[in-house]
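Down below is the structure, laid out as structure tokens.
Taken together, the values in this text are just the output of simple stated rules run on the coordinates, not laboratory data. In this text the structure is predicted, and so the values were computed from the model without any measurement. FYI the Cβ positions are ideal-geometry reconstructions off the backbone, even for glycines, and counts take in every protein chain you see.
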Amino acid sequence: MRDPRYDILFEPIRLGPVTSKNRFYQVPHCSGMGWKRPETLAAMRGMKAEGGWGVVCTEYCSIHPTSDDGAYPYARLWDGADVRAHALMADAVHEHGSLAGVELWIGGSFTANLDTRVPSWGVISRPPTFAGLTHPVQSRRIDKDDIKTIRQWHKDAAERAIEAGFDIVYVYATHGYLLSEFLDRHMNDRTDEYGGMIEDRVRIVRELIEDTGNAVKGKAAVACRFSVSLDDPETYEAFGELADLPDVWDLTVDDYSVEMGASRFVKEGALESPVAKAKALTSKPVVAVGRFTTPDTMARMIRSGVQDMIDAARPSIADPFLPKKIEEGRPEDIRECIGCNICYAHNSLGVPIRCTQNPTMGEEFRHGWHPEDVPAVIATPTELALIVGSGPAGLEAARALGARGMQVMIAEASRDLGGRVTRESRLPGLSEWARVRDWRLGQIDKLATVEPYPESDMSAQDCLDIDPTHILVATGSRWTVDGLGRNRVTPFTRGADAQVISVDDVIDGLHPEAGHVTIFDDDHYYMGSVVALELARRGLSVTLVTTAGRPFAWGAYTEETHANAIALREASVSVVTNRLLEHVASSSARFSCMIAGEDLTIDCDAVVPLTRREPQDALYHDLAALVAKGRGTAPGLARVGDCDAPGTIAAAVYSGYRTAIELGGEAGGSLRERAVERQEAAERGRSRG
Ligand code: SF4
């Protein structure tokens, strides 16, 4: 039963001509699916509607081929084929009584249009501005006739949005795209009525809001996505000029590393102050994100009038059923987002999003996976799975197998469950990593079928003596100290008395008593920087040397490089880029240059190499050997997670879930049936068009 404190989250709200059944609003967020994978997109968005989100929006949606984000699978509404593709999503959302929204998008100078091969249209002519794009092309500077043309394209797209069945149609005026260029006093150098004073720079946004209202003819709400900034009072002036025009405001801030901030740097509800300030200027409903995962915070935001609806991207990815769980009085079942930004990273890599907490995300169509529904096993109740290792892969496999009805034992060598997430969550900024463990332990606690056994170091014979039907080896991986990795195929050399410390030893508390430590990072993910910050916290002098051009280079995908660089600077960590470790001596380390420079020698007392991990799979091989000798049977013997192939925590959770779902068959073949049903529905949608 629902806690009455959260009733406010379930009050309907009018958004212009339409009404949302509750206050849960899935903001437009990129998916890596877009126009390339409409069935995958429809199944994913439909799952959110099934999970109770009152509004479910699709991602940024191009109005015309002059807005083309190339490798990033954006949505588009260029013609009738796109209308039919979007109708799949709108239908999937409507099926559960939710509203479907679409964010019409004009790329401006932000895009390189690599696919459509026509110039992008910008306020000035300049190269693409997205950090990852350094293509040698420039946008075309638009004139007043072009503005008329853009308005017509936007109107046409809004009409197509209605045809596709959308209930909310956006004017997208932030995130650096064309309308942001108009609003930016530094970039907008126009001398006509679209430049100069703020009331003129907002003119095109005003016109598009009015045009969109005329196009949708009262069949849909007009939303506007807009940024304000505590540092820039003019953004509130601009907002004030438009305050009562759209039916709903989707507000954010003008710093994407805050809006999309990783949990290392940005916590829940970080936009509260600027959103509250803007909300005071309008009579229209305001929705805003804040990586909200706790119902108390959500209810407080609505009750205190900061915003009218809870906007969410990542929390809806981590748990598509978040609203239902609050409604059904079981908020402890919410899979809380950990703020790792693995989801966003994979859109930037041009593939469907995935999620560390929710292994079914992006697999709703392809595999028919459902975040809350696992098929019962075709097994007798006496069938037993032994899982050795309780890291993210082991815990997820145990949870999913237990939910499927199999008896499960989890044997963990140490006293603490959770494996790498328990250990890593003690490092600076990574406390939310522990949610991966805590949610799974909470679910396992509710299952009579699963029993954890900490402090149980198992040999192969121990495992076989239990006589399980299946054995999953989830014993993780360990960081190596040889230097082999992305850029070294031979180990670095080392002199007598060279002190080389493994990352795992640092995580477990080992470090030189005093002095200077050099970290050699050929991994390029978060660990190099986090270990540097940890050693600095322990009072050591630290130099972080990387083979990449910047520390935590992969952070470009998770939106962390900037905040990470600031954290390193504030901790007085010295950074050296484009260097490869060659030799460690007793009091120094020598590096070659990755480009064409001279060798560099750094005086230091110890080196921590971060280059690769070795799967801890000895138990698996021992078991396989014993089974081959006829000393036991284990038909389900498998390696999962890092023990199989070291990777992200998301990959380990996915491995555990997938192994659990594929083990022991599916009673009734329900997953396959669901996938086939979705395929047939998609085909019906296509033929209808
Ligand atoms: Fe949250 Fe990470 Fe999942 Fe994204 S991938 S929704 S940041 S837990």
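So the values come out like this:
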| read-out | value |
| --- | --- |
| Highest average packing first - 654-661, 361-368, 429-436, Cβ atoms within 10 Å | 654-661, 361-368, 429-436 |
| Kirkwood hydrodynamic radius of the range 408-560, from inverse mean 1/r over distinct Cα pairs, in Å | 18.2 Å |
| Percent antiparallel among DSSP beta bridges (both partners in the chain, rounded to 5) | 20 percent |
| Farthest positive-ward along the range 446-602 dipole, Cα basis, beta-carbon charges - from Ile602, Gln461, Trp479 | Ile602 |
| Loop sites in the range 201-248: trypsin sites (Lys or Arg not before Pro), DSSP, at most 11 other Cβ within 10 Å | Lys217 |
| log₁₀ of I(q)/I(0) at q = 0.18 Å⁻¹ - the range 24-172, Debye sum with one point per alpha carbon | -0.98 |
| Estimated FRET transfer efficiency when R0 is 51 angstrom, pair Ile595-Phe10 (beta carbons, to 0.05) | 0.30 |
| Cβ-defined net charge surrounding Gly108, 15 Å radius [Lys, Arg +1; Asp, Glu -1] | -1 |
| Where trypsin sites (Lys or Arg not before Pro) fall in DSSP loop in the range 52-158, at most 10 other Cβ within 10 Å | Arg117 |
| Estimated FRET transfer efficiency when R0 is 25 angstrom, pair Glu237-Lys144 (beta carbons, to 0.05) | 0.55 |
| Where N is the number of residues in the chain, Cα Rg divided by 2.2 N^0.38 Å | 1.01 |
| Chain lengthening between Lys217 and Ala376 when straightened (0.36 nm per residue, less Cα-Cα) | 52.4 nm |
| Alpha carbon convex hull of the range 92-191, volume per residue in cubic angstrom | 127 Å³ |
| Theoretical gain in end-to-end length, Ser572 to Asp184 [0.36 nm per residue, Cα-Cα removed] | 136.2 nm |
| Estimated dipole of the chain in Debye, rounded to 20 [Cβ of Lys and Arg +1, of Asp and Glu -1, Cα centre] | 820 debye |
| Mean Cβ count within 10 Å, highest first, over the residues of peptides 246-253, 540-547 | 246-253, 540-547 |
| Euclidean distance of C-alpha centroids, the range 295-332 and the range 566-602, integer Å | 46 Å |
| Gain upon complete extension [Ser502, Ser541; 0.36 nm per residue less C-alpha separation] | 12.3 nm |
| Cα-based reach from Lys284 at 16 Å (exclusive), listing aspartates and glutamates while leaving out same-chain residues under 8 positions away | Glu210, Glu241, Asp244, Asp247, Asp250, Asp308, Asp311 |
| Protection proxy ranking, peptides 57-67, 291-301, average beta carbon neighbours within 10 Å, highest first | 57-67, 291-301 |
| Rounded to the nearest 20 debye, dipole of the range 480-580 from Cβ charges on Lys, Arg, Asp, Glu | 360 debye |
| Ala514/Trp554 FRET efficiency (R0 30 Å; Cβ-Cβ; nearest 0.05) | 0.40 |
| Per-residue [θ]222 nm for the chain (sum of -39500 (n - 2.57) over DSSP H runs n ≥ 4, rounded to 500) | -10000 deg cm²/dmol |
| Cleavage-rule hits, trypsin sites (Lys or Arg not before Pro), the range 593-651, DSSP coil, Cβ neighbours within 10 Å at most 12 | Lys629, Arg631 |
